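Trainee: Below is one structure. I have some questions about it.
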Amino acid sequence: MFFKKKISHHTDIELLDKYRQDGNSAWLGELYNRYSHLVFGLCLKYLKDEETAKDAVLAIFEKLVTDLRSREVATFQHWLYAVSKNYCLMLLRNNGREAKRKVVYHNEISAHVLEENDILSHTQMRETGLLKLEAAINRLNEEQKECITLFYLKEKSYKEIVETTGYDIGEVKSHLQNGRRNLRLILDNSK
């Protein structure tokens, strides 16, 4: 699948033109054969993990199937480099946000738990905090409860929440923002 070389007499632009004319993905397959090793190397450089880099190569070329139907590309190799680099940077940025989101959420909850009672042991405080958090989540409206549970407890992405719930991305973000605010209010009032 990866790194399969095939010599073709068509230029990159000819292959793109043929793909736009008949929609046959075999033309893109030829471009994949030409450039997948370069894209893989670039992805590996940024992502530092072979399996993640392989997944990224496939995702990038899947994206090309739709993007190249309507996009005019003067130099495919340069354009592919830019698309691949941007994809890797987006992936790194999203992973960084995910890690930051978990830390912020953990710190917010920990702050409420630690304020509770200095006498309780750490384990008791954590259990108490988790019970209060669970009770607070159950007091949210259904949309907020569902989005908070999927996002924080089941660690789903915005996209996965949209697919699971049927809400649009704006609704998901709104339910999460309002749910976090309401959780803080509920937890502050339960002291």
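Trainee: Being under 15 Å from Ser84 (Cα atoms) and either of a type in the set (A, V, I, L, M, F, W, C) or touching a residue at least 12 places away in the same chain (Cβ under 8 Å) (or both), is that true of even one residue in region 7-23?
Mentor: Taking region 7-23 first, the residues under 15 Å from Ser84 (Cα atoms) are none.
There is no residue in region 7-23 that is under 15 Å from Ser84 (Cα atoms) and either of a type in the set (A, V, I, L, M, F, W, C) or touching a residue at least 12 places away in the same chain (Cβ under 8 Å) (or both).
Trainee: Against the definition (modelled with pLDDT of 85 or more, surrounded by 18 or more Cβ atoms within 10 Å (Cβ to Cβ) and within 30 Å of Leu47 (Cα to Cα)), how does Ile148 come out, yes or no?
Mentor: Details: modelled with pLDDT of 85 or more: yes; surrounded by 18 or more Cβ atoms within 10 Å (Cβ to Cβ): yes; within 30 Å of Leu47 (Cα to Cα): yes.
Yes: the conditions hold for Ile148.
Trainee: Follow-up. Just checking, which of Ala74, Ala53, Ala82, Ala136 is modelled with pLDDT of 70 or more, under 30 Å from Leu15 (Cβ atoms) and either surrounded by 12 or more Cβ atoms within 10 Å (Cβ to Cβ) or not assigned by TED's automatic domain parsing to the domain that holds Ser25 (or both)? Spell out the reasoning first.
Mentor: Details: Ala74 fails: either surrounded by 12 or more Cβ atoms within 10 Å (Cβ to Cβ) or not assigned by TED's automatic domain parsing to the domain that holds Ser25 (or both); Ala82 fails: either surrounded by 12 or more Cβ atoms within 10 Å (Cβ to Cβ) or not assigned by TED's automatic domain parsing to the domain that holds Ser25 (or both); Ala136 fails: under 30 Å from Leu15 (Cβ atoms).
Ala53 is the lone residue from the list that is modelled with pLDDT of 70 or more, under 30 Å from Leu15 (Cβ atoms) and either surrounded by 12 or more Cβ atoms within 10 Å (Cβ to Cβ) or not assigned by TED's automatic domain parsing to the domain that holds Ser25 (or both).
Trainee: Tell me the residue from Leu114, Leu187 that is hydrophobic (A, V, I, L, M, F, W, C) and either modelled with pLDDT under 65 or in a loop (DSSP other than H, G, I, E, B) (or both), please. First the steps, then the outcome.
Mentor: Working: Leu187 fails: either modelled with pLDDT under 65 or in a loop (DSSP other than H, G, I, E, B) (or both).
The conditions single out Leu114.
Trainee: Within region 32-45, can you find the residues that are closer than 19 Å to Leu89 by Cβ and surrounded by fewer than 17 Cβ atoms within 10 Å (Cβ to Cβ)?
Mentor: Once the filter is applied, which keeps residues that are closer than 19 Å to Leu89 by Cβ and surrounded by fewer than 17 Cβ atoms within 10 Å (Cβ to Cβ), region 32-45 yields Leu38, Gly41, Lys45.
Trainee: Can I ask one more? Given the structure, is Ala26 closer than 24 Å to Lys159 by Cα, small (Gly, Ala, Ser), outside the structural domain of Lys159 (by TED's automatic domain parsing) and surrounded by fewer than 17 Cβ atoms within 10 Å (Cβ to Cβ)?
Mentor: Details: closer than 24 Å to Lys159 by Cα: no; small (Gly, Ala, Ser): yes; outside the structural domain of Lys159 (by TED's automatic domain parsing): yes; surrounded by fewer than 17 Cβ atoms within 10 Å (Cβ to Cβ): yes.
Taking the combined requirement at face value, the residue does not satisfy it.
Trainee: Write out, first by first residue and then by second, each pair whose Cβ atoms fall under 8 Å of each other, whose residues are 6+ apart or on separate chains, and whose first residue, in region 68-85, is in a loop (DSSP other than H, G, I, E, B) while the second is of a type in the set (D, E, K, R) and at pLDDT 80 or above.
Mentor: Cβ pairs passing all conditions: Thr75/Asp12.
The values are calculated or read from the model by the stated rules, or taken from the named source; none is laboratory data. Keep in mind it's a predicted model, so treat the numbers as computed, not measured. Neighbour counts run over all protein chains shown; Cβ positions are idealised from the backbone, glycine included.
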